[in-house]
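Enquirer: Submitted below is the structure of interest, expressed as structure tokens.
Any read-out appearing in this document is the output of simple, stated calculations on the displayed coordinates, not a laboratory observation. The shown structure was predicted, so the numbers you read here are calculated from the model rather than taken from an experiment. Cβ coordinates were reconstructed from backbone atoms using ideal geometry, including for glycine residues, and neighbour counts include every protein chain displayed.
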Amino acid sequence: MIRYCVIMNSDAAGPALRKLTENFVRLMRHNAGPRDKSLGSLEKIYEGFVLLVLPVDGWAVGLGVEFTPNVWRMAEVILLPFRPGSDLPPLADHDLKLYVDAAVRRARDSQQAAADQVKKVKRNAAFVQGRFEAWRDKTATKTNVEYAALAAKYAEQIRTGNSRPTATLAELVDMSPAVMAQRIKETRRRSLLTPGEQGRASGSLTPLGALLTDPDFPGFRQLLMAGMTQSEIANKYGISEQYVWHGLLEEQDPWVDRVLIVGDEQKVLKDPKGRNGWSNSDGHT
């Protein structure tokens, strides 16, 4: 491992790794105080490739690692200082290998989860297509399910290599590209599509987005009314509690009953007809 780092030229690092490492250096310099607080490390996963940046003795060490299901190899290395006067750090072979092993394992798990998600969405292709077609009706109210279908279609365009997914989807539902761009932006705000990268079409379906493409999913509100807590829903469907909360917020109309969850306790909050306050289900304000 050390020999890899010695013989590799930082100037030869690709633009993606260099940019990620430079961003890490800026963050470290901004956050470093008298005790030199560390930001930990950064990881960015691509298909069969992972970019890693970690702090080592005042330096940001950026690593580009290619991997298959069974092996990995170091493809790029870049070292940039973030602490003035720092000497080039010694890179411990054993520790660095353990770090890369763990990072590659996470990358493989992430890609497997993404592949499983794609299979699930493909099984629900007819449902997704139907909800996507609903975007032809410009006057109908769109629920989180329609937005999830749109996110699924966008992610599909990205996977197939379309560099103009927004324009393609807009044409399919007779919508202007500018309006479609706003709808795609809204899918990200609703946590249905992952954040994009500046300057390129990107994004994949989130676990929440994938869940909402399942025609058998009853909806968060119905599950809560059936007595499940936010934590129980998250565990049942394999998503985070934060996703449950995002799904619940977008699922409900602003003026219908609200659900408040405090620990394991669940209360229904009703909007009084005067709309000037809230009351819980037993009538107390």
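Enquirer: Take the alpha carbon gyration tensor of the range 170-230, find the square roots of its eigenvalues, order them as a ≥ b ≥ c, and report rounded if a/c is under 1.5; if not, report prolate when a/b exceeds b/c, else oblate.
Expert: prolate
Enquirer: Within the range 221-238, whose backbone N sits under 11 Å from a point 7 Å along Cα→Cβ of Arg123?
Expert: Flagged as within label range: none.
Enquirer: Which values of log₁₀ I(q)/I(0), to two decimal places, follow from the Debye formula for the range 108-206 at q = 0.14, 0.15 Å⁻¹ with a uniform point scatterer at every Cα?
Expert: Each listed q corresponds, in turn, to -0.49, -0.56.
Enquirer: Further question: Report, by chain and number, residues whose modeled amide H sits under 5 Å from the one on Ala75, excluding near sequence neighbours (fewer than 5 apart, same chain).
Expert: Distant-sequence amide H within range of Ala75: Gly64, Val65, Glu66.
Enquirer: Quick check on packing: order 192-202, 72-82 by the mean number of other C-beta atoms within 10 Å, highest mean leading.
Expert: Top to bottom by mean Cβ count within 10 Å: 72-82, 192-202.
Enquirer: From the phi angles alone, apply the Karplus equation (6.51, -1.76, 1.60; θ = phi - 60°) to the range 172-182 and give each ³J(HN,Hα) in whole Hz, x where the residue is Gly or Pro.
Expert: Residue by residue, the range 172-182 yields 5, 10, 6, 10, 6, x, 5, 5, 4, 4, 5 Hz.
Enquirer: Taking a threshold of 23 Å on the Cα-Cα distance, which of the pairs Lys97/Lys119; Lys185/Lys236; Lys119/Lys142; Lys142/Lys185 fall above it?
Expert: Lys97/Lys119; Lys185/Lys236; Lys119/Lys142
Enquirer: Further question on the same structure: Just order 132-142, 114-124, 44-54 by mean Cβ neighbour count inside 10 Å, highest at the front, would you?
Expert: Ranked by mean Cβ neighbours within 10 Å, highest first: 44-54, 114-124, 132-142.
Enquirer: So who's got an amide H within less than 5 Å of the one on Ala60, skipping anything under 5 residues away but keeping other chains? H placed 1.01 Å off N, in plane.
Expert: Answer set, sorted by chain and number: Leu80, Phe82.
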